[in-house]
Amino acid sequence: MEQLERWYREKQVERTIQALKKNNFEALYVPDSKAALEEVMNRIPDGATVGIGGSVTLTQLGLQEAMARRKVQFIWPQQHAKSNEERFELFRKCFASGVFVSSSNAVTESGKLFNVDATGNRAGAMFIGPKKSIIICGVNKIVKDLEAAEKRVREWTAPQNAKRLNRKTPCVETGVCADCNSPDRICNIYVSLAKKPVSTEVVVILVGENLGI
């Protein structure tokens, strides 16, 4: 069974990378987290301004710690800000960065990136502002199409992220999305990148591991 599952995943990754390239994204596959981190580091020159979006995947890679050792201007709003005002100012600086690094909530086999945000800073910086966006996703985030992507976020990703972020939402109590009107709701902005943005280079790195939520 393990061999069959590996074969199926390899074919799925091949289809997805081909579709991403057809949509004018740069796309590649790496076998594990270590290789993913090395790939990202090699794509960021010394002296660059680097912003990141909130991401469990990046934490699992150890990217924040690796960036802190580089000769770059590193912008990490979720950790560097001491107030909401500072955090939003750092969000704005991320939009002016040379490189933005984050993950995506889902990648479709048709080569689209799907994201759901509370404020839009992460999804927005993927396609406008930074000169280059590097998006890192584990193979667990590959889905058939946009309908499956939204279902994945609503039924799986959002409740867990709301719990992780200590949000006071119905899904934290029930584990099920209620399409709520809570002030703490994190599913406010739905963004699909169907093709490469005109002014932003987007690199999608698929990793042969389960990463993120």
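Please treat every number below as a calculation from the coordinates, not as lab data. Everything numeric here is computed off the predicted structure, so don't read it as measured data. A quick note on method: Cβ atoms are made from the backbone with ideal geometry, for glycine too, and the neighbour counts reach across all protein chains shown.
Which lysines does K168 reach when only Cα atoms under 25 Å apart count, and residues fewer than 8 places away in its own chain are ignored?
Counting by Cα, and skipping residues close in sequence, K168 has these lysines nearby: K82, K151.
Helix-only estimate, please: 222 nm mean residue ellipticity of the chain, summing -39500 (n - 2.57) across DSSP H runs of length 4 or more and dividing by its residues, to the nearest 500.
Helix contribution divided over all residues of the chain: -10500 deg cm²/dmol.
Roughly how compact is the chain, stated as its Cα Rg over 2.2 N^0.38 Å to two decimals?
Normalised Rg, Cα atoms only: 0.99.
A 19 angstrom limit on the alpha carbon distance is what I want to check against. Which of K22/K195; K93/K132; K11/K132 exceed it?
Numbers: K22/K195 9 Å; K93/K132 14 Å; K11/K132 28 Å.
Over 19 Å apart, Cα to Cα: K11/K132.
Which of rounded, prolate, oblate describes segment 95-183, given a ≥ b ≥ c as roots of the alpha-carbon gyration tensor eigenvalues and a/c under 1.5 marking rounded, otherwise prolate only if a/b is larger than b/c? Walk me through the numbers on the way to the answer.
Numbers: a/c = 2.39, a/b = 1.40, b/c = 1.71.
Oblate is the answer for segment 95-183, as a/c is 1.5 or above yet b/c matches or exceeds a/b.
GNM on the chain, C-alpha springs below 10 Å: top fluctuator among R69, R15, R185?
R69
So, counting K/R as plus one and D/E as minus one, what does the shell of residues with Cβ under 12 Å around Q18 add up to?
Neighbourhood net charge equals +2.
Assign unit charges at the C-beta atoms only (+1 for Lys and Arg, -1 for Asp and Glu), then state the dipole size of segment 18-164 relative to its Cα centre in Debye, rounded to the nearest 20.
With Lys and Arg at +1 and Asp and Glu at -1, about 100 debye.
Using the charge dipole of segment 1-114 (Lys, Arg: +1 at Cβ; Asp, Glu: -1 at Cβ; taken about the Cα centre), state which of W7, A36, S97 has its Cα farthest towards the positive end.
Towards the positive end, the residue furthest out is S97.
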